Amino acid sequence: MELLQVQKLCKVYGTGETAVKALQNVSFSMNRGEFAAVVGESGSGKSTLLNCIGALDTPTSGSIRLDGTDLFDMKENQRTLFRRRNIGFIFQAFHLIEELDVEQNMIFPLLLDHQKPKRERVEELLELLGLKDRRHHLPGQLSGGQQQRVAIGRAMITRPMLVLADEPTGNLDSKSSQDVMDLLLKASRHYQQTVLMITHNMQLTSSVDRVFRVRDGKFKDLGGTQA
């Protein structure tokens, strides 16, 4: 069943001769539980695409629907609440709160939404990500790979419909990158969550369901990983 529908998405920065077409008529859909990767060179439009899908940026034209809801056919405060409850974000920079420990960082999105964390859900996620023995460590006491695991947990804790990962291994060495990728895939499969990930590392796309490519703002579906 389709969860995400992107139709004729365009994003233009500037006007006239200096206008930059960051996205040009991008259309695709993703099913529930699907894990897809977007590849492309720096400046190709990958991050713009992710920012528009995550409602962090406003497209020039086109539509984005998540579970039938048009993200840009609602007021800003409604969109902010919808995003907080239905979209999880994982960034290249971990964006952890230095004063909070692992568990506190993970449950922060729930507290922000005035929800009480379910203890069994927190314990399950800590176990899945191999962070049980680090639950009371501060970010500064963790390796880069461990910090990114916390960021994955923070994105997954609300059980969002869609998780967007922007170069989640970009600040990690090759071994830590593969470890984080394996854990992200494991968490995605375990919770049947839809994940759209940006990466410049084609080696990390070997286990995903589909690969997309963005080049000069133009989008192409490369199909399954065997394509």
Exercise. Which of the residues that make up segment 126-177 are touching a strand residue (DSSP E or B) at 6+ places or on another chain (Cβ under 8 Å) and of a type in the set (Lys, Arg)?
Worked result: Arg154
For this session: Among the residues of segment 65-91, write down those that are charged (D, E, K, R), open to solvent by less than 60 Å² (accessible area, probe 1.4 Å) and over 22 Å from Asp166 (Cβ atoms).
Result: Asp70
For this session: Just name the residue that is nearest to Ser47 (Cα to Cα) out of those in segment 201-217 that are assigned to a loop (DSSP other than H, G, I, E, B) and either under 15 Å from the mean Cα position of the chain (by Cα) or polar (S, T, N, Q) (or both).
Result: Asn201
For this session: Take Thr48 and decide whether it is modelled with pLDDT under 95, on the phi < 0 side of the Ramachandran plot and open to solvent by 70 Å² or more (accessible area, probe 1.4 Å).
Result: no
For this session: Quick one: in segment 2-41, of everything that is open to solvent by 40 Å² or more (accessible area, probe 1.4 Å), part of a strand (DSSP E or B) and among the β-branched types (Val, Ile, Thr), which residue is modelled with the lowest pLDDT?
Result: Val20
For this session: Take the residues in segment 116-148 that are in contact (Cβ under 8 Å) with a residue 40 or more places away in the chain and in a loop (DSSP other than H, G, I, E, B), then tell me which one is most open to solvent (accessible area, probe 1.4 Å).
Result: Leu138
Exercise. Just a yes or no: is a residue in segment 178-193 within 12 Å of Phe94 (Cβ to Cβ) and touching a strand residue (DSSP E or B) at 6+ places or on another chain (Cβ under 9 Å)?
Worked result: no
Exercise. So is Arg159 open to solvent by 10 Å² or more (accessible area, probe 1.4 Å), assigned to a helix (DSSP H, G or I) and not aromatic (Phe, Trp, Tyr) or not?
Worked result: no
Problem set entry | Scan of segment 72-92 for residues that are out of contact with any Pro (no Cβ under 9 Å at 6 or more places or on another chain) and either assigned to a loop (DSSP other than H, G, I, E, B) or acidic (Asp, Glu) (or both), ordered by number | Asp73, Met74, Lys75, Glu76
Problem set entry | All positions within segment 92-113 that are surrounded by fewer than 17 Cβ atoms within 10 Å (Cβ to Cβ) and either of a type in the set (D, E, K, R) or in contact (Cβ under 8 Å) with a residue 60 or more places away in the chain (or both) | Ala93, Glu98, Glu99, Asp113
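The values are calculated or read from the model by the stated rules, or taken from the named source; none is laboratory data. Keep in mind it's a predicted model, so treat the numbers as computed, not measured. Positions of Cβ are generated from backbone atoms using ideal geometry, with glycine treated the same way; all protein chains shown enter the neighbour counts. Accessible surface areas use protein heavy atoms only, side chains included; no ligands, DNA or RNA. Shrake-Rupley method; radii C 1.70, N 1.55, O 1.52, S 1.80 Å.
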